[in-house]
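Presented below is the structure to which this report refers.
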Amino acid sequence: MQSLWSLLLYLCGLLVDVFSLCETPVKLHANELDRDQYFGTWFFIAAASSSPSSLETFVTTDSIMFNMTHTDNPERLRLRAAIRMKAGQCVPRSWVYLVMEKSTDLTTEGRPHMQTELFSTKCPDVIMVKETDQGYERILLYSRTLHPAENCITAFKSQASCFDMGEFLLIPRTLGACEFQESQTEHS
């Protein structure tokens, strides 16, 4: 009898998946990426999470421009940020991502518990990133352009709901981007 119930529940789950409007995004494997394609400037557009506390970091932010570059070591990628706060000041930050040969995700130097997954989207020049660390999980939308098409933001919001992330934050991007500066501190 228990096997019959298990089979019935499994079949119900399959039916829900078939009729679900949620499409599973295509995961990009960090160790197989054409890195040149992802180097350069990216703008932070939006974030989503299941809890408001996971998005608190971004509430006082007006815009963030990122620059991804290589280092002397092919297993290390440098990410610099030029953060414009809503109050107007510019805050530089930098991170080092490690691309491990046998891992499909990025790890952040100095943050052993943080997992960063990359996903492609149907919108050109847009990428979705899922960050998981102790105490939070969120997805982030980045674009090569400061103001991507509205349907790209709508698609991201829809994907967030498929991840059960109902908290959504659109970065205003109204004060203009800051210039890149050297950061004295590594953050993530």
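Some points to look at:
- Given +1 at the Cβ of Lys and Arg, -1 at the Cβ of Asp and Glu and no other charges, the dipole of region 22-170 around its Cα centre is 380 debye to the nearest 20.
- Restricting region 15-114 to chymotrypsin sites (Phe, Trp or Tyr not before Pro) that sit in a DSSP loop and have at most 16 other Cβ atoms within 10 Å of their own Cβ leaves Phe39.
- Each residue of region 74-119 gets 102 Å³ once the volume of the Cα convex hull is shared out per residue.
- Radius 13 Å from Cβ of Met85, net charge of other residues (Lys, Arg +1; Asp, Glu -1): +3
- The string of couplings for region 103-119 from the Karplus curve (6.51, -1.76, 1.60, θ = phi - 60°) is 10, 8, 9, 8, 10, 9, 4, x, 10, x, 8, 7, 10, 10, 10, 10, 9 Hz, one whole number per residue in order, with x for Gly and Pro.
- The three principal axes of the C-alpha atoms in region 22-170 carry coordinate ranges of 39, 37, 31 Å, sorted with the longest axis first.
- Spatial separation of Cα centroids for region 86-139 and region 158-179, in angstrom: 15 Å
- Cleavage-rule hits, GluC sites (Glu not before Pro), region 23-61, DSSP coil, Cβ neighbours within 10 Å at most 16: Glu23
Since every read-out is calculated from the coordinates, none of them should be taken as a lab result. What you are looking at is a predicted structure, and each value in this text was computed from that prediction instead of being measured. Positions of Cβ are backbone-derived with ideal geometry, glycine not excepted, and every protein chain shown enters the neighbour counts.
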